[in-house]
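S.K.: I have a structure here, written as structure tokens, and I will follow up with some questions on it.
What follows is calculated from the coordinates using simple rules that are stated; it is not laboratory data. The structure displayed is predicted, hence computed values, not measured ones. Cβ coordinates were reconstructed from backbone atoms using ideal geometry, including for glycine residues, and neighbour counts include every protein chain displayed.
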Amino acid sequence: MSKPTLVLLHGVGLDHTMWEPAAVLLSDRFTVLTPDLPGHGARPPVPDGITLAELADDIAATVPAGAHLAGFSLGALIAQHVALHNPGRAATLTSISSVCRRTPGERAAVLARLRTAETDVAASAAASLERWYAGTGVGPDLVARTEATLLANDPGSFLACYRVFATADAELAPRLAEITTPALALTGADDPGSTPAMTHRLAAALPDCRAVVVPRARHMLPVQCPEAFADALTHFIGERAHA
């Protein structure tokens, strides 16, 4: 009997390697696909002004019909766009560490981080690592791998994708209620950017969505707590498969 397909989409500035700790735990239950987003990993840079729709259309073309679709951070916004514009393509939708309907203060904070990235990529990467990993106990080798991935990005391409991440939740917000795919919104209790409040906003906005908040986890939930992530995702998909 063939295993169901699970497609995992990484966040801005990262690549498919962020999923390695979790993919090991999921590969016995799923055929796990971890594509690089446009402009990331080994893929060519994207142009300035790229849109969420262009990123999502690229990914949608690679998602097998009936796959379970899960996205992290920017990947979550892309997954939501795919589910919105390709109804029925994905069997389930999981948004991990996703922003949703940022408040004016939350939007100002992410735009300030974008301005830092525009002027000092190294400082931006260092601030991200602090925000994502401080106090988590994640080993220095994994933190160093994340840092190397961030610093290896084409600067212009990274900024183009970061602008999408910083703004596209406003584009999605008015249409979230149209996403009827069974959904899970999952985040860490200590995530300072993609907060539990945002996860509850997303669960309230989607017609068929539950919220799960993992205690003591920060933004890089799938790296920091791969077991908790895999368990939550597997439990959700298993329930929906037998609903």
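S.K.: Non-local amide H neighbours of residue 67 (under 5 Å, H modeled in plane, Pro and chain starts lacking H): which ones?
M.R.: Here the answer is 91, since their amide H atoms fall under 5 Å of that of residue 67.
S.K.: Sorted by packing (mean other beta-carbon atoms within 10 Å per residue), highest first, where do 172-178, 97-103, 199-205 land?
M.R.: 97-103, 199-205, 172-178
S.K.: Given the rule -39500 (n - 2.57) for each run of at least 4 DSSP H residues, summed and divided by the residues of the chain, what is its mean residue ellipticity at 222 nm, to the nearest 500 deg cm²/dmol?
M.R.: -15000 deg cm²/dmol
S.K.: Sticking with this structure for a sec: Count charges around residue 231 for me, please; just the other residues with Cβ under 14 Å from its Cβ, Lys/Arg as +1, Asp/Glu as -1.
M.R.: Counting the neighbours of residue 231, the net charge comes to -2.
S.K.: Placing +1 at every Lys and Arg Cβ and -1 at every Asp and Glu Cβ, with all other atoms neutral, what dipole size does the chain have around its Cα centre, in debye to the nearest 20?
M.R.: Dipole size: approximately 500 debye.
S.K.: Determine ³J(HN,Hα), in whole Hz, for all residues of the stretch 152-167 in sequence, where each value follows from phi through the Karplus function 6.51 cos²θ - 1.76 cosθ + 1.60 and θ = phi - 60°; x replaces Gly and Pro.
M.R.: Values per residue, Gly and Pro as x: 7, 5, 5, x, x, 5, 4, 5, 4, 6, 5, 5, 4, 4, 6, 10 Hz.
S.K.: If you don't mind, another one. Which shape class, rounded, prolate or oblate, goes with the stretch 1-81 when its Cα gyration tensor gives a ≥ b ≥ c as root eigenvalues, a/c under 1.5 marks rounded, and past that a/b bigger than b/c marks prolate?
M.R.: Prolate.
S.K.: Once you have a ≥ b ≥ c as the square roots of the Cα gyration tensor eigenvalues for the stretch 135-237, tell me rounded if a/c is under 1.5, and otherwise prolate or oblate according to whether a/b is larger than b/c.
M.R.: It comes out oblate by the Cα gyration axes.
S.K.: Could you grab the relative contact order for the stretch 1-89? Cα pairs under 8 Å, six or more apart, rounded to a whole percent.
M.R.: 37
S.K.: Taking θ as phi - 60°, what are the ³J(HN,Hα) couplings along the stretch 24-41 by the Karplus curve (6.51, -1.76, 1.60), each to the nearest whole Hz, with x for Gly and Pro?
M.R.: So the Karplus estimates, Gly and Pro as x, are 4, 6, 9, 5, 7, 10, 9, 7, 9, 10, 10, x, 6, 5, x, x, 10, x Hz.
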